[in-house]
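Here the structure is laid out as structure tokens; the discussion comes afterwards.
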Protein chains: 2
Amino acid sequence: MADEGAVLDALRDAILQGEFVAGQRLVEVDLCERFACRRFAVRAAIPVLLSEGLVDVQRHRGARVRTIPIDEAIEITEVRRMLEGLTAARAAERATPADIAALQDIIGQMRHAVSSGELVSYSDANARLHALIRRIAAHETATGIIERLRAQLVRHQFRLSLVPGRPSVSLAQHERIVAAIEGNDPAEAESAMRDHITSVIESLRSLPAEGSHRTGAAAPLQRTRR
Amino acid sequence: MADEGAVLDALRDAILQGEFVAGQRLVEVDLCERFACRRFAVRAAIPVLLSEGLVDVQRHRGARVRTIPIDEAIEITEVRRMLEGLTAARAAERATPADIAALQDIIGQMRHAVSSGELVSYSDANARLHALIRRIAAHETATGIIERLRAQLVRHQFRLSLVPGRPSVSLAQHERIVAAIEGNDPAEAESAMRDHITSVIESLRSLPAEGSHRTGAAAPLQRTRR
DNA sequence: GTTTGAAATATTGTCGCCAATTTCGGCGAG
DNA sequence: CTCGCCGAAATTGGCGACAATATTTCAAAC
């Protein structure tokens, strides 16, 4: 781990995997040890993470892992609602038979996950379905923004899939989206995607107050001060 | 000009004002002279500009002013179409009587600018109207993205207002948007904004090949190599 | 005259050092 | 016992120097 890009990716992954407590301070020398790199590489990575909305930086106080309050999570999802509506519509215009087969394959996996109650594998398939729709849409600008926003939501997203009954509701919505894409109906695809994400927003609104959850990843109790 | 934030702002403004030729190389020491600062400040500013999509950076080759090809300008505008639709809808939900008076005031200025053929002042009023709608919507996430995208388009945007007959078409569309906001009709406001920006996209598509325009700002012939 | 190669120059990448600022710990006064 | 103040440690901010890489220039051979 000598070059700068690798440190950036490793640090971003660590944050996304929840390996830092929310609000945790990112001390430069500690990160140097963690990633076996020079301070220079860490200092280069932080502005990038700042621009991605993953950390908060204050002058002379360094960077902290940014916590997205629930209000902002809702705003972010409202934006995603519009942009994923755009990608769904474009996907409906552009999907090839092979694309549609791939979409239906994922739908099959989702059905299986729901019927056998596998939450994690449902959540995975869900992410893959949305990613595939973006790829079919081939809209770089929208895709870039959606993925950046998605990264900020990882923690909330995780809690969502645990809401009882949500997967089966969500499955039906995805089936409608795929059907619209299959039928080359952009307006219906957009509408279906918007309805789907509207229900995500409603679930977010009903989520209990944050701060009392555990990520599945190894989160070795991190001290905030030393 | 000692501190870093000021250099960032100055450099961004210089790019947005078109004071650098498209594709122009941004040599660090030259910028140090230009802004009377240390190389350190310039190096801190560049990653931020990169994240804003205003420059392109290649390893060992430095930063260049990024040129947005017309295809990407269209993609960006498609995204803006969705997000400004969102802000228009929210504005329709939230606008106070004072807000509506302010909107109508700007519409009045636009009418005057159209009837007297003042292109620049129409373009100004146009920008102010969209900005006011964003402020009324009070949607930080959407506003942040819209403004970042807008910055990337300054050059194309400028050419648009020169298309003959466009201002009067555009004026009618803005009147419809404001009427919907005034009537507290979110769906109609969104639809009106989408139609408006759809017509912007069509104008972009019909724009002649780029590269043969001059900005009004002082653009002292910059050498690309020395 | 054109092309190829290598030396020279220009430019960015990386580092270690010191300064500025914040944060932590203890001491004393009330 | 609590609160506020002051010094010490920790941490980030900024800089100059040097290394690595790219670009240009110039000369020589074809």
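The values are calculated or read from the model by the stated rules, or taken from the named source; none is laboratory data. Everything quoted here is computed from the prediction, not taken from an experiment. Every residue, glycine among them, receives a Cβ derived from its backbone with ideal geometry; neighbour counts consider all protein chains shown.
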>> I'd like to check something: does the stretch A:36-43 contain any residue that is surrounded by fewer than 17 Cβ atoms within 10 Å (Cβ to Cβ), within 11 Å of DNA strand C (Cβ to nearest atom) and within 14 Å of chain B (Cβ to nearest Cβ)?
In response: yes
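Give B:Ala41, B:Ala36 a once-over and let me know the one that is in contact with a helix residue (DSSP H, G or I) (Cβ under 7 Å, 6 or more places away or on another chain) and touching a residue at least 12 places away in the same chain (Cβ under 8 Å). Don't jump to the end; show me each part of the working.
Numbers: B:Ala36 fails: in contact with a helix residue (DSSP H, G or I) (Cβ under 7 Å, 6 or more places away or on another chain).
So the residue among B:Ala41, B:Ala36 that is in contact with a helix residue (DSSP H, G or I) (Cβ under 7 Å, 6 or more places away or on another chain) and touching a residue at least 12 places away in the same chain (Cβ under 8 Å) is B:Ala41.
Okay, residues lined up against (1) within 11 Å of DNA strand D (Cβ to nearest atom); (2) polar (S, T, N, Q):
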| site | (1), (2) |
| --- | --- |
| A:Glu28 | yes, no |
| A:Val48 | no, no |
| A:Gly62 | yes, no |
| A:Thr67 | no, yes |
| A:Ile70 | no, no |
> What's the number of the condition A:Asp3 fails, among (1) more than 27 Å from A:Ile201 (Cβ to Cβ); (2) away from DNA strand D (no atom under 11 Å from the Cβ); (3) of a type outside the set (S, T, N, Q); (4) at pLDDT below 95?
Replying inline: (2)
> Which residue pairs have Cβ atoms closer than 7 Å, lie 6 or more positions apart in sequence or on different chains, and pair a first residue in the stretch A:57-72 that is touching a residue at least 24 places away in the same chain (Cβ under 8 Å) with a second residue that is in a loop (DSSP other than H, G, I, E, B) and near DNA strand D (Cβ under 7 Å from one of its atoms)?
Replying inline: A:Gly62/A:Val27
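Name the residue that is nearest to the other protein chains (Cβ to nearest Cβ), counting only residues in the stretch A:143-158 that are among the β-branched types (Val, Ile, Thr) and within 9 Å of the chain's Cα centre (by Cα). Outline the logic, then answer.
In the first step, residues of the stretch A:143-158 are kept if they are among the β-branched types (Val, Ile, Thr); the result is A:143, A:145-146, A:154.
Adding the requirement that they be within 9 Å of the chain's Cα centre (by Cα) leaves A:146, A:154.
On the way: A:Ile146: 10, A:Val154: 16 Å.
Filtering first and then ranking leaves A:Ile146.
Mind checking which residues of the stretch B:179-201 are among the charged types (D, E, K, R) and either within 15 Å of B:Met82 (Cβ to Cβ) or modelled with pLDDT under 95 (or both)? Spell out how you get there, then give the answer.
If we filter the stretch B:179-201 for residues that are among the charged types (D, E, K, R), which is where we start, we get B:182, B:185, B:188, B:190, B:194-195.
Answer for the stretch B:179-201, where residues must be among the charged types (D, E, K, R) and either within 15 Å of B:Met82 (Cβ to Cβ) or modelled with pLDDT under 95 (or both): B:Glu190, B:Arg194, B:Asp195.
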>> I need the full set of residues from the stretch B:115-142 which are within 14 Å of chain A (Cβ to nearest Cβ), surrounded by fewer than 21 Cβ atoms within 10 Å (Cβ to Cβ) and in a helix (DSSP H, G or I), in order please.
In response: B:Glu140
> Mind checking which residues of the stretch B:8-26 are within 12 Å of DNA strand D (Cβ to nearest atom) and within 14 Å of another protein chain (Cβ to nearest Cβ)?
Replying inline: B:Leu8
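Could you list all residues from the stretch A:53-78 that are within 15 Å of DNA strand C (Cβ to nearest atom) and not polar (S, T, N, Q)?
In the first step, residues of the stretch A:53-78 are kept if they are within 15 Å of DNA strand C (Cβ to nearest atom); the result is A:56-64.
Within the stretch A:53-78, A:Asp56, A:Val57, A:Arg59, A:His60, A:Arg61, A:Gly62, A:Ala63, A:Arg64 meet the criteria.
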> Could you list, in sequence order, the residues of the stretch A:68-114 that are within 14 Å of chain B (Cβ to nearest Cβ) and closer than 21 Å to A:Leu162 by Cβ?
Replying inline: A:Ile68, A:Pro69, A:Ile70, A:Asp71, A:Glu72, A:Ala73, A:Ile74, A:Ile76, A:Thr77, A:Arg80
> Among the helices (runs of 4 or more DSSP H) contained in the stretch A:8-111, which hold 3 or more residues that are more than 29 Å from A:Glu202 (Cα to Cα)?
Replying inline: A:28-35, A:39-51
> If B:Leu50 satisfies every condition in (1) surrounded by fewer than 19 Cβ atoms within 10 Å (Cβ to Cβ); (2) of a type in the set (A, V, I, L, M); (3) more than 11 Å from chain A (Cβ to nearest Cβ) but one, which is the exception?
Replying inline: (3)
